[in-house]
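Sharing a structure with you now.
The values are calculated or read from the model by the stated rules, or taken from the named source; none is laboratory data. All of these numbers come straight from a predicted model, not from anything done at the bench. Cβ placement follows ideal geometry from the backbone for every residue including glycine, while neighbour counts extend to all protein chains displayed. Side chains included, ligands, DNA and RNA excluded: accessible areas come from the protein's heavy atoms. Shrake-Rupley method; radii C 1.70, N 1.55, O 1.52, S 1.80 Å.
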Amino acid sequence: MLTVKPRFETFEEYLEYDDNSEQLYELFNGELIEVPPESGFNVQIANRLFLIFALIVGTDRVRGHGLELEVRGEPKNRYPDLTIIREEHIQQLSKRNTIRLSMSPPLLVVEVVSPGEIQRDRDYIAKRMQYQDCAIPEYWIVDPQTQTILVLELTDNTYTEVGNFSNNDLLQSPQFKQLDLKVSQIF
């Protein structure tokens, strides 16, 4: 039996779609593209960060890979590996775990870079531009291949580098100054 993939003219049409699966999709040029599963190592890194941030802001404000962000450009949505949401988002996300462009941006998004040049470019260039456009105050690029964490802060609508931290460097976060964490503890 041949199944026809749905096409969506608007993001609202996509939001109404439900295929009764747990599969995550990016909406690219009106078509659904399946988001592949993360590597086990990337999940471990995201889980470590989840636990650390849960102790700082509480579990309700830390969201893992299932949180969806509406963004401008293509694709129309992203699933960061870790997101720190605002208090107001907790109620707003109770029905659907999607932060819309009409909502306040999350405080922090973290991407753990997957192996491969396409994935590196996606996290370092494409997502950086989309998250900057959404006015997300802080963006971390956690790179297991180089064992570094690039921390970017939104300044005058542009991401500026706070630091590219490695080894025993103490991570510096503009949004979470109470963070007391060495990069080596993440990897």
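Could you give the angle, 0 to 90 degrees to the nearest 10, between helix 40-57's Cα long axis and the longest principal axis of the Cα atoms of the chain?
Helix 40-57 and the main axis of the chain meet at about 70 degrees.
Could you work out how far apart the two model spin labels at Glu31 and Ser104 are, taking each label as a point 7 Å from the Cα in the direction of the beta carbon, and quote it in nm?
3.9
Segment 1-53: Rg/Rh from Cα coordinates, Kirkwood Rh?
1.13
Here is a further query. Percent of Cα-Cα pairs per 5 Å bin, from 0 to the last occupied bin, for segment 76-118, please list those.
Result, from short to long distances: 5, 19, 28, 24, 9, 8, 5, 1 percent.
Apply the Debye scattering formula to segment 1-139, with a single equal point scatterer on each alpha-carbon and no solvent, then give log10 I(q)/I(0) at q = 0.09, 0.12, 0.18 Å⁻¹.
With no solvent term, the Cα-only Debye profile gives -0.27, -0.49, -1.12.
Same structure again: Find, among the trypsin sites (Lys or Arg not before Pro) in segment 1-90, those assigned to loop by DSSP (not H, G, I, E, B) with at most 13 other beta-carbon atoms within 10 angstrom.
Of the trypsin sites (Lys or Arg not before Pro), the ones in loops of segment 1-90 whose Cβ has at most 13 other Cβ atoms within 10 Å are Arg72.
Could you state the accessible area per residue of segment 1-146 in Å², with a 1.4 Å probe and every protein chain left in place?
53
Report the longest stretch of the chain that contains none of the GluC sites (Glu not before Pro) sitting in a DSSP loop with at most 13 other Cβ atoms within 10 Å. Working shown, then result.
Values: sites that count: Glu9, Glu22.
Counting only loop sites that pass the neighbour cut-off, the longest clear stretch is 23-187.
Tell me which chymotrypsin sites (Phe, Trp or Tyr not before Pro) from segment 10-50 have a DSSP coil assignment and no more than 13 other beta carbons within 10 Å of their own.
Passing sites in segment 10-50 are Tyr17.
What would the Debye equation give as log₁₀ I(q)/I(0) for segment 128-187 at q = 0.19 Å⁻¹, counting only Cα atoms as equal point scatterers?
At q = 0.19 Å⁻¹ the computed log10 ratios are -0.67.
Roughly how much of Leu69 is accessible, in Å² to the nearest 10, using a 1.4 Å probe?
10
Calculated FRET efficiency, Gln185 and Thr158, Cβ-Cβ r, R0 22 Å, to nearest 0.05?
In this case the efficiency is close to 0.15.
Which of the pairs Lys95/Lys127; Lys127/Lys177; Lys95/Lys182 have their Cα atoms more than 27 Å apart in this structure?
Check vs 27 Å cut-off fails for Lys95/Lys182.
Right, here's the next one. Once amide H atoms are placed 1.01 Å from N in the peptide plane, what residues at a sequence separation of 5 or more from Thr98, or on another chain, have their amide H within under 5 Å of its amide H?
So Thr98 has HN proximity to Glu68.
Computed on alpha carbon atoms, what radius of gyration and Dmax characterise segment 27-106, expressed in Å?
When restricted to Cα atoms, segment 27-106 yields Rg and Dmax of 13.3, 39 Å.
For the chain, what does the helix formula give at 222 nm: sum of -39500 (n - 2.57) over DSSP H segments with n ≥ 4, over the residue count, nearest 500 deg cm²/dmol?
Here the helix-only value at 222 nm equals -6500 deg cm²/dmol.
Using all Cα-Cα distances in segment 60-187, what percent lands in each 10 angstrom bin from 0 up to the longest?
All Cα pairs considered, the percentages come to 13, 46, 34, 7, 0.
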